[in-house]
Amino acid sequence: MFAGRIGWYLRALGLNPLVRAVDRIEALAVLGIVVTALMAIPVAVSAGALVRGWGMQTAEQEADNRHPVQATVVEGVGLPTDFETPAFVDAQWHEGTRTRTESVAGTATVRVGDRMTIWLDHDGKVVAAPLTPADAELNAVAIAVTFWIGMVLCSALGSHMIRRGLDRARDRAWEREIRLLTHNDGGWANRQG
């Protein structure tokens, strides 16, 4: 079925004088989707490379500015509502000769007495774990794929809108021809008034 549809579009782009203009326009719209899909590949790769560069730079900066510390949970949370959402717990760790206790984000399954890794910046402030190079790579691939899919979907939506307009034009043409056929009056219906 798909091969037959492609063959129809290729014939519509040919030089046959019997092919209607609306059919040629529809075939060009479908060809536009294919061209967009092909042209979007290098653009998406460039966008992914740009995001990868930013991510690698951020990963290096965060790796230089953050360090891990082992902390012990001193006060947990109540019953977990969702294992994916972070729960805030009170954790305690040693910083030089001083003992610090702060509320930090942990998993909902953490219990009092459990050990967990927290990340601190140079000022001692609790921060998120640094971005890893693998995370930067994954983000770059996700952006590139999302960008490519978005461009192809926009092209397909444009082609679909063009086709809907062409279908309406075809329907009007059919209605006009059927009206002429059924109310011909010996050819008088074609005469202007």
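Values in this text are rule-based calculations from the coordinates and carry no lab data. None of the values given here were measured: they were computed from a predicted structure. Cβ atoms come from the backbone with ideal geometry, glycine included; neighbour counts cover every protein chain shown.
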Legend entry - Amide H within-cut-off set for ALA87, under 5 Å, with H built and near neighbours excluded: GLY106, THR107, ALA108
Inset, instruction - Quick one: check the C-alpha center-to-center distance for the stretch 25-55 versus the stretch 108-162, whole angstrom. - result: 22
Inset, instruction - Please turn the phi angles of the stretch 35-46 into ³J(HN,Hα) values with the Karplus equation 6.51 cos²θ - 1.76 cosθ + 1.60 (θ = phi - 60°), one per residue in order, whole Hz, x for glycine and proline. - result: 5, 4, 4, 6, 6, 6, 4, x, 5, 5, 5, 5
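Could you sort the peptides 134-144, 114-124 by per-residue average Cβ neighbour count (10 Å cutoff), highest mean leading? Don't skip to the end; give the middle numbers.
Numbers: 134-144: 16.0, 114-124: 13.6.
The most tightly packed comes first, giving 134-144, 114-124.
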Inset, instruction - Quickly work out the GLN61-to-LEU138 label distance, labels modelled 7 Å from Cα along the C-beta direction, and quote it in nm with one decimal. - result: 2.2
